[in-house]
Amino acid sequence: MKKALWIGTCLWAMAASAHDGAPATAVALGDTVSLGEVTVTAIKQSADLRSQATALTVIGRQEAERNQVMSVKTAADLVPNLFTPDYGSRMTSTVYVRGIGTRIDQPAVGLTIDNVPVMTKENYDIDLMDITRFETLRGPQNTLYGRNTLGGLMNIYTLSPLNYQGTRAMVEGASHGTWRVGASHYALLKEDLGLSLSAQYGSTEGEFTNQHNGQRCDWERLFSARMKLEWRGLNGWYVSNVASVSTSRQGGYPYEWVETGKIAYNDTCFYRRTSVMDGLTLRKALDHFTLSSITSYQYLDDNMTLDQDFTEHDYFTLTQARSEHAVTQDFILRSNEKESGYNWLAGASGFYRRYRMDAPVTFNDYGIEQLIERHVNDAIPEYPIVWDTRSFVLGSQFTSPSWGAALYHESTYRWGQWTLQAGVRLDYEHARLNYRSVTHTGYTTMVQATGAVFSHEDIDIDESGTLDKDFFTVLPNVSLTWHPWAGKSHTVYLAASRGSKAGGFNTQMFSDVLQQRLMGMMGIGLQYDVDKMVGYDPEKAWNYELGGHFECWGGRVQSDLDVFFMDCRDRQLTVFPPGTTTGRMMTNAGKTYSWGTEFAMTVAPSELTHLSLSYGFTRATFKDYNDGKVDHSGHRVPYAPMHTLFAEASHAFTIGGDNNLLTLAANVRATGDIYWDEANTLRQPMYALLGASITWQQRRYSLQLWGHNLTDTGYKTFYFVSIQHPFLQRGHGRSLGATLRLNL
């Protein structure tokens, strides 16, 4: 059986590999104006990822364009066990991998763009032009990359002006009033100095209708621009500076009330975001080692405003307006690669991050009646209360400065066919939250028997305080790699690593703390411990993995296979707090474990034919979790899919010359089962989406006609409960489009 599996692995194919997209000849035929691949700086990792002891998937430029990959969400379907559900808005950039992930606050998977780490997950969902390489490393990457890479790391590289010079343009139109235009220019200012400028604008009218007002609720207008300056100088110098700005204005949040089967809410829902990033990379190659520096500044200004009850009743509205500044610095010292023997890498990194947030919750007439007056009057019917106004505000303001510093080292020793690698990171982080909670309102108590006024109470709450948390974590890794046959591209590895996801504060909980304080003044409600309810600790996990990367048939077949086990402690879960509340909170909830497998293979039977298959299986289970009401031990972890599948076949026909190609492609993407609650009473069964495209490509242009979810399969991407009302979001239906690309 093992021998048959080995032979089957080698007979299947991975042509020019998932990260190169196609064999060299096909690239020459298919590349208009012969676009070069990105300059991979390989600052922390080997240029040959397939020789490393890590599970990986790499998407190249051709594969990205064929599948309309422009962001993390559009790339995730191609990666086994990586899941980024499309729901809510661009703020809800939730990433799950191997059963690890959370809906709010800190991400479980890291993201870098042209080597620059993205600090906040609210910036993950951005569209990028001219992606040349999308790498996903699965399993903890904390030793080298630090915070929030517990589940893995995604690296995105964009086209380099040192590799390609010319002008590119793109025009795209699709269903639901969707269109996008973009242009980029790449030039050499000097022989070793390149500059690129790019910009794009897009718009969609939306797919889902708010039946309360008959308007589309998921409309969007977006803009982004990027400037990249690269210099490859003498004496081993390399300098890159990438500056970008992006804006998004959207409605979003097409949540359907399960009870009515309708999207219908009466108040405003929208998300607005403006972000600015600048990253400077310096590298100097010396005789025996290379010194690198990665510096970034990041700014985010966003506003999420929600009809938080998502019904046609006037319950309450939430606004969360934030501005954030962050600076990161990473120094890396790395020995120059040797054919054999000892190599090492050492580094020191740090960050400073500060945000200000204003997060008022406005209680409206129906919310006052149902959530406050009714509870009080049911408890004390002889003395009913009447609120002074039919609207009042629970105000919350925050400032949160945080900083962190780390030292890390990794050593690699090679002898013969074996490679031993071991590393450790010492990571310290300090987080502070300055808060102020304010409300000014009042109520009148009546005598039910006579209707007379019994008393009047003014409620004036103005509380402020400071919370501090310190985290220190040791994050080791060790791996053993075997290269079975000299001169053959086969790698078998065994690895163990410890990962961590940062702790922090639940700012969304302050309105609930204030609400319970207010109700407590009337003799009902709970008294929350602010420090206990608001703060949460890091999530930690050990990952154990056995895997391999294989090639045969002269590189036409490449395959990857791994099995893993993750033991997670202090699991961060999004839960609803006790009491009559309206919000949600992050809490550390016991232990979970995940085990599964990942398999990927691509085959190139000919230079113009490409076949690929990727599959991931994860069984994520609560090992120890009791929410105070139910023991969920043995239940599946919600929101993390059990299966992910992507399969694609494409074939190109040469018509009238080598530079004229007609490419036919078809793919299927499947995901599921997904449990929606800790009790495992609700789930989304596995679903499959069919896609296809036909592309006419000449030397200077290509025209692609494409379709997503061609069978218009119905499925759900999200489920939640608000004030005991269940809601869900439907997945996108059939979409047809056309993309024109020009290379001048």
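Rounded to the nearest 0.05, what FRET efficiency is calculated for Ser489 and His288 with R0 set to 35 Å and r the Cβ-Cβ distance?
Values: r = 28 Å, r/R0 = 0.80.
E between Ser489 and His288, to the nearest 0.05, is 0.80.
Say each of Ser633 and Leu193 gets a label point 7 Å from the Cα, pointing the same way as Cα to Cβ; how far apart are those two points in nm?
Going from the Ser633 label point to the Leu193 one covers 6.7 nm.
Of the listed peptides 220-226, 57-63, what is their order by residue-averaged count of other C-beta atoms within 10 Å, with the highest listed first? Walk me through the numbers before you get to the answer.
Details: 220-226: 17.9, 57-63: 23.6.
Descending mean neighbour count gives 57-63, 220-226.
Sticking with the crude label model, points 7 Å out along Cα→Cβ, report the distance from Gln165 to Gln211 in nm, one decimal please.
6.0 nm
Over 28 Å between Cα atoms, which of Lys73/Lys228; Lys469/Lys716; Lys501/Lys623; Lys73/Lys629; Lys73/Lys284; Lys540/Lys629 qualify? Kindly include the intermediate steps, with their values, before the conclusion.
Numbers: Lys73/Lys228 24 Å; Lys469/Lys716 37 Å; Lys501/Lys623 19 Å; Lys73/Lys629 35 Å; Lys73/Lys284 35 Å; Lys540/Lys629 25 Å.
Those over the limit are Lys469/Lys716; Lys73/Lys629; Lys73/Lys284.
State, as an integer percentage, the relative contact order of segment 2-743 based on alpha-carbon contacts under 8 Å between residues 6 or more apart. Could the numbers behind the result be given before it?
Working: 2188 pairs, mean separation 97.4, N = 742.
Relative contact order comes out at 13 percent.
Neighbouring Cβ atoms within 10 Å as the yardstick, rank Trp418, Trp706 fewest first.
Working: Trp418 11, Trp706 21.
Taking fewest neighbouring Cβ atoms as first place, the list is Trp418, Trp706.
Which value, in debye to the nearest 20, describes the size of the charge dipole of the chain about its Cα centre when Lys and Arg Cβ atoms bear +1, Asp and Glu Cβ atoms bear -1, and nothing else is charged? Write out the running numbers ahead of the final one.
Working: 64 positive and 77 negative charges, 471 e Å.
It comes to approximately 2260 debye.
Out of (1) 16, 46, 31, 7, 0; (2) 16, 42, 34, 9, 0; (3) 16, 50, 28, 6, 1, which label holds the value of P(r) over Cα pairs in 20 Å bins from 0, in percent that was computed here?
Comparing each candidate, only (3) matches the computed number.
Specify the angular offset, from 0 to 90 degrees and rounded to the nearest 10, of the alpha carbon long axis of helix 2-11 from the longest principal axis of the alpha carbons in the chain.
Tilt relative to the chain: about 70 degrees.
On a 0 to 90° scale, report how tilted helix 510-520 is relative to the longest principal axis of the chain, with both axes built from alpha carbons and the result rounded to the nearest 10.
For 510-520 against the chain, the angle is about 20 degrees.
Ranked by Cβ crowding within 10 angstrom, fewest neighbours first, how are Tyr315, Tyr408 ordered? It would help to have the intermediate numbers written out before the result.
Working: Tyr315 27, Tyr408 23.
The fewest-first ordering by Cβ neighbours comes to Tyr408, Tyr315.
Which order, highest average first, do 378-390, 287-299, 614-626 follow once you tally other Cβ atoms within 10 Å for each residue and take the mean per peptide?
Values: 378-390: 13.5, 287-299: 16.5, 614-626: 19.3.
Taking the mean over residues of other Cβ atoms within 10 Å, the ranking is 614-626, 287-299, 378-390.
Ordered by packing density, taken as the mean number of other Cβ atoms within 10 Å over each peptide's residues, highest first, how do 724-730, 265-271 rank?
265-271, 724-730
For Lys121, list the aspartates and glutamates whose Cα falls under 12 Å from its own Cα; do not include residues on the same chain fewer than 8 positions away.
Lys121 reaches Asp105.
Along the charge dipole of the chain, pointing to its positive end and built from +1/-1 on Cβ of Lys, Arg, Asp and Glu, which listed residue (Trp237, Phe718, Ala452) has its Cα farthest out?
Looking along the dipole axis, the top candidate is Trp237.
Every number in this text was worked out from the coordinates using simple rules, so none of it is lab data. Since we're looking at a predicted model, the values are computed, not measured. Cβ sites come from the backbone with ideal geometry, for glycine too, and all protein chains shown count toward neighbours.
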